[in-house]
Amino acid sequence: MAKLTSAQRDDLIEQFVEIQLENMDTQSLYELASEYLIDSFDRLTDGEIKERVESLYDEELYEELVDNVTNSADEVAHCIVDTNGDYAECVDRMVESMEASK
């Protein structure tokens, strides 16, 4: 294997990435961008996430997202208790709820 300089390695990576991107469909590009953004946000603190959301959108969106995730967790916890741990029933309820909100 040839020993590449740092600049050559960077060029090789850029060329290969370009080839990969050219061969991707829209769905693949969406998935790649989604994975990248999730990984990027995963490295941030809660405060940094809040700042990012508020700077790109607004404070109301951050609060709405917090409500969404905290309410979902509460609903799952209640479902598990209500069904004596029947996780399949809880999943069915969640799917029905998501389909109804479409």
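No lab work stands behind these numbers, since they all come straight from the coordinates. In this text, all values refer to a predicted model and were calculated from it rather than measured experimentally. Counting neighbours? That spans all protein chains shown, and the Cβs are built from the backbone with ideal geometry, glycine included.
What to note about this one:
- The length gained on full extension between Ala77 and Leu44, counted as 0.36 nm times the residue separation minus their Cα-Cα distance, comes to 9.2 nm.
- Crossing angle, helix 46-56 versus the chain [Cα axis fit, 0-90 degrees, rounded to tens]: 80
- Listed peptides 60-67, 34-41 by packing density, highest first (mean Cβ within 10 Å): 60-67, 34-41
- Ascending count of other beta-carbon atoms within 10 Å, so fewest first, for Ile80, Ile13: Ile13, Ile80
- Estimated 222 nm signal from helices in the chain, with DSSP H stretches of n ≥ 4 weighted -39500 (n - 2.57), rounded to 500: -27000 deg cm²/dmol
- 0 to 90° range, to nearest 10: angle between helix 26-42 axis and the chain longest Cα axis: 80
- Equivalent ellipsoid of the chain: semi-axes from √(5λ) of the C-alpha gyration tensor, largest first, are 40, 20, 15 Å.
- P(r), alpha carbons of segment 1-41 - 5 Å bins starting at zero, rounded %: 5, 21, 17, 18, 18, 12, 8, 1
- Taking other Cβ atoms within 10 Å as a rough exposure proxy, Met1, Met24 sort from fewest to most as Met1, Met24.
- Computed lengthening from Asn84 to Asp10, 0.36 nm per intervening residue step minus Cα-Cα distance: 21.1 nm
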